[in-house]
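One structure is given here, and the rest of the page talks about it.
The values are calculated or read from the model by the stated rules, or taken from the named source; none is laboratory data. Since the model is a prediction, treat every value here as computed from it, not as a measurement. Here Cβ is always computed from backbone atoms with ideal geometry, including for glycine, and neighbour counts include all displayed protein chains.
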There are 2 protein chains.
Amino acid sequence: MRLGPVPDVVVYEVGPRDGLQNEPEAVPTALKIELLARLARTGLSRIEATSFVSPRWIPQLADGDEVARSAPRVPGVRWSGLVPNEQGYERLRAAGLDVAALFISASETHNRKNVNCSVAESLDRFRPVAARAKSEGVALRAYVSTVCGCPYEGPVAVSAVVALVEQLLALGVGEVSLGDTIGVGRPQQVRALLAAVAGASPLTRIALHLHDTYGRALANVEAGYEAGIRTFDASLGGLGGCPYAPGASGNVATEDVVDLFEGGGVTTGVALERLVDTAAWLETDVLKRHLPGRVLRAHVGARARAARAEGA
Amino acid sequence: MRLGPVPDVVVYEVGPRDGLQNEPEAVPTALKIELLARLARTGLSRIEATSFVSPRWIPQLADGDEVARSAPRVPGVRWSGLVPNEQGYERLRAAGLDVAALFISASETHNRKNVNCSVAESLDRFRPVAARAKSEGVALRAYVSTVCGCPYEGPVAVSAVVALVEQLLALGVGEVSLGDTIGVGRPQQVRALLAAVAGASPLTRIALHLHDTYGRALANVEAGYEAGIRTFDASLGGLGGCPYAPGASGNVATEDVVDLFEGGGVTTGVALERLVDTAAWLETDVLKRHLPGRVLRAHVGARARAARAEGA
C-alpha cells in the first residue's frame with residue numbers, strides 16, 4: 001500500500017482484542033488472522049491484534065501467540081497486544097508486536113474486580129515491564145478504565161484520572177487511552193476531564209476509548225476532538241457489546257468514527273468502504289449476527305436496496 | 001400531575017406520529033390511545049398525537065380522528081397533529097388538538113416525491129390553513145425536511161433552509177422544526193446551519209428533528225444545544241426506523257435525549273424511568289420487537305440482570 005499524507009486523526013482499531021474477548025464463543029484462529037489481514041488493508045495505522053492475558057481469564061483469545069505472529073507486517077501499520085504482566089510481555093516480544101498495552105482502572109473497586117489488586121499494586125507490577133520495554137525499544141500504551149464512572153463506585157474523581165496519567169507517563173508510557181468503560185460519559189464531562197488532564201500531559205499523548213452504551217459515544221468523540229484529542233479507539237462494527245442485548249454496551253464503531261470525521265473534512269487515512277466491507281464480512285461470515293455499528297447498518301441496507309432495484 | 005418549574009429544554013415527542021407511521025402494520029387504535037395516555041404521564045409537555053394525512057397515503061394512521069379525540073387533556077401537555085392541507089386542518093379542529101403541524105422539504109425533489117408539488121406550491125397550500133389557524137387561535141408548527149441533505153439531490157444549500165424559515169415565519173408559523181430526515185448531518189454542519197438560521201429567526205422558535213441513521217443524532221443534539229436550540233424532537237425508543245434493518249434510520253430516542261440532558265444538569269421535566277417503562281411496554285406488549293434506543297436497551301438489560309440476581 002502506498003502511504004499517503006499524515007491524517008488529521010488516528011482511529012485506533014481495538015476490535016480484534018476488546019471486541020473478540022467479549023464474544024461468547026471463541027472465533028476460530030484462522031478467521032482472526034484473516035480479520036487482521038483485512039483490517040491491515042483498510043488504511044488503519046494502529047491495530048490491537050490480541051491479548052496476552054492468561055487463557056484462564058480470557059479463553060476467547062487463548063490463541064494470542066499464533067494470531068499475533070500472523071499479523072501482517074505491512075508499512076504504515078503498528079500492532080499492539082494487551083499485556084497484564086511480565087509473562088504477557090514475554091509473549092508479546094516472542095510474537096514480535098510493536099506496542100505493549102497495559103491496563104489499569106481509575107477506580108479501586110473496578111481494578112480489584114478486574115485484576116485482584118489495588119491501583120498502586122497494578123502500577124508496581126507495571127514497573128518491570130516498563131523497564132524492559134524501555135531498554136528493548138518497545139513502545140508502551142496504557143488503558144485507564146472507568147474514567148467517566150465506575151459500575152461499582154459510581155462517579156470517579158477527575159483528580160484520580162489525572163494522577164494516574166501522571167504516574168503512567170512517569171513510568172515511560174507513550175500514550176494513555178482514557179476509557180469510558182460503561183459509556184456513561186457526557187460531552188460536558190469529557191470536556192471537563194480533558195481540561196484537567198491537559199494540565200498533566202500534552203493531549204497528543206492521550207487517546208479516548210469510548211463505549212456507546214447510551215448512544216453518546218460520537219457526541220463524546222466530537223467533544224474530545226474539539227478539546228484537542230487526536231487519537232480515538234474504536235472497534236469494527238461496534239464489536240464488543242453483549243450479543244444478547246442488541247445495540248448495548250459496545251465500543252464505538254470504527255466506521256461511525258471514520259464517517260463522522262471524514263464527512264466533516266477531518267482526514268483519518270482509512271478507506272470507509274473497505275472498512276464497511278470488512279465489518280459486513282465479519283457479521284455475515286464469522287459471527288452470523290448483526291453488529292451494532294450504525295454506518296454499517298446504513299451501508300448494508302443501501303446495498304441491499306440497490307441490489308433489489310437492479311434485480312427488479 | 002403537579003407542574004414543576006419550567007425545564008431548560010423541551011423534548012418534543014413525535015413517536016405516535018413519525019414513529020407509528022413507519023410501522024409495517026398499523027398498531028390497534030386502543031393501543032395507540034394507551035400509548036398517548038402513558039406518554040402524558042411522563043412529564044413530556046409536547047406530544048404529536050397523530051397525522052391527518054389521507055389514509056390512502058398513510059394507512060397506519062387512518063384512525064387519526066379517534067386517536068386525537070382520545071388524547072388525554074391534562075395540564076402541561078400540548079398535543080399536535082400533522083396537517084397536509086385544509087382538509088387535514090378541519091380534522092385536527094374537529095378532534096380539538098392544540099397545534100397544527102405543517103410539513104415541507106428544503107429540497108425540491110424530496111418535496112415533489114413526498115407531496116407531488118414544488119416547494120413554492122406547498123407554501124401556497126399552507127396559506128389558507130395559516131389564515132384560519134390565525135383567526136381561530138390555533139398554533140402552527142412546521143417541519144422542514146432534508147435540511148442536512150436530500151436522498152435524491154445530495155447536499156442542500158443552507159440558503160434554501162434559511163429562506164424557508166423566513167417564509168414560514170412570515171406565514172404565521174410559531175415554531176419551525178429543522179429535520180435531518182436521513183441522518184447525514186454532522187455537528188460542524190449543524191453549527192453552520194444554525195448560525196445562518198439565527199440571522200433569520202430567534203433560535204427560540206427553531207427546533208431540531210434529528211435521525212440517528214449514522215449514530216450522530218446525539219452529537220448533533222449537543223451541537224444544537226451549544227448553538228442555542230432549546231427544543232428537540234425525539235421518538236420513544238427511537239421508533240421510526242425500518243424494523244427490517246435493526247438500528248437504522250430511526251428518530252433519535254426520547255430516552256437518549258432526556259438522559260443526555262438530565263445527566264449533564266440540563267432539565268427536561270421528563271421522568272426518565274417512566275419513559276423507559278413506556279418504551280419497554282411498547283416494544284414488549286405492542287410491537288413485539290426491540291426498539292433501537294440505547295438507554296432503553298441499557299435499562300432493560302440492567303433490570304434483567306437485577307431480576308436474575310434476585311432469583312439466584
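Could you tell me which residue of segment B:265-312 is surrounded by the most Cβ atoms within 10 Å (Cβ to Cβ), considering only residues that are away from chain A (no Cβ under 14 Å) and on the phi > 0 side of the Ramachandran plot? Only one residue tops the list, namely B:Gly269.
So is A:Val184 among the β-branched types (Val, Ile, Thr) and crowded, with 21+ Cβ neighbours inside 10 Å or not? Even if it seems obvious, please write down each step before you answer.
Values: among the β-branched types (Val, Ile, Thr): yes; crowded, with 21+ Cβ neighbours inside 10 Å: yes.
Yes: the conditions hold for A:Val184.
Checked against (1) touching a Ser or Thr at 6+ places or on another chain (Cβ under 6 Å); (2) over 30 Å from B:Ala198 (Cβ atoms); (3) modelled with pLDDT of 90 or more, B:Asn251 passes all but a single condition, namely (2).
Any residue at all in segment A:56-77 that's closer than 30 Å to A:Ala157 by Cβ and among the aromatic types (Phe, Trp, Tyr)? First the steps, then the outcome.
Step one: filter segment A:56-77 for residues closer than 30 Å to A:Ala157 by Cβ, giving A:57-58.
Subsequent filtering for residues that are among the aromatic types (Phe, Trp, Tyr) retains A:57.
Within segment A:56-77, one or more residues are closer than 30 Å to A:Ala157 by Cβ and among the aromatic types (Phe, Trp, Tyr).
Scanning segment B:249-276 for residues that are farther than 16 Å from B:Phe232 by Cβ, touching a residue at least 60 places away in the same chain (Cβ under 8 Å) and not aliphatic (A, V, I, L, M) yields B:Ser249, B:Arg274.
Against the definition (closer than 23 Å to A:Gly64 by Cα, touching a Ser or Thr at 6+ places or on another chain (Cβ under 9 Å) and free of Cβ contacts under 8 Å to residues at least 40 places away in the same chain), how does A:Val99 come out, yes or no?
Working: closer than 23 Å to A:Gly64 by Cα: yes; touching a Ser or Thr at 6+ places or on another chain (Cβ under 9 Å): yes; free of Cβ contacts under 8 Å to residues at least 40 places away in the same chain: no.
In short, no.
Of the residues screened, A:Val53 is one that is without any contact (Cβ under 8 Å) to a residue 60 or more places away in the chain, among the aliphatic types (A, V, I, L, M) and either assigned to a loop (DSSP other than H, G, I, E, B) or within 30 Å of A:Gly265 (Cβ to Cβ) (or both). Looking across segment A:65-90, the residues that are within 20 Å of the chain's Cα centre (by Cα) and either within 23 Å of A:Asn114 (Cβ to Cβ) or without any contact (Cβ under 8 Å) to a residue 24 or more places away in the chain (or both) come down to A:Asp65, A:Val67, A:Ala68, A:Arg73, A:Ser80, A:Gly81, A:Leu82, A:Val83, A:Pro84, A:Asn85, A:Gly88, A:Tyr89.
Could you pull out the residue among B:Ala219, B:Ala234 that is of a type in the set (Gly, Ala, Ser), crowded, with 24+ Cβ neighbours inside 10 Å, touching an Asp or Glu at 6+ places or on another chain (Cβ under 6 Å) and modelled with pLDDT of 95 or more?
Values: B:Ala234 fails: touching an Asp or Glu at 6+ places or on another chain (Cβ under 6 Å).
Sole residue among the options that is of a type in the set (Gly, Ala, Ser), crowded, with 24+ Cβ neighbours inside 10 Å, touching an Asp or Glu at 6+ places or on another chain (Cβ under 6 Å) and modelled with pLDDT of 95 or more: B:Ala219.
Once segment A:212-232 is narrowed to residues that are closer than 13 Å to A:Leu178 by Cβ and among the polar types (S, T, N, Q), the residue that is nearest to the other protein chains (Cβ to nearest Cβ) is A:Asn220. Scoring A:Ser122 on the criteria (1) surrounded by 15 or more Cβ atoms within 10 Å (Cβ to Cβ); (2) closer than 23 Å to A:Arg274 by Cβ leaves a single failure, condition (2).
If only one of A:Glu175, A:Glu166 is out of contact with any Phe, Trp or Tyr (no Cβ under 6 Å at 6 or more places or on another chain) and either buried (at least 17 other Cβ atoms within 10 Å of the Cβ) or among the β-branched types (Val, Ile, Thr) (or both), which one is it? Every option except A:Glu175 fails the conditions. In segment A:41-50, of all residues being outside any strand (DSSP E or B) and under 15 Å from the mean Cα position of the chain (by Cα), the one that is surrounded by the fewest Cβ atoms within 10 Å (Cβ to Cβ) corresponds to A:Ser45.
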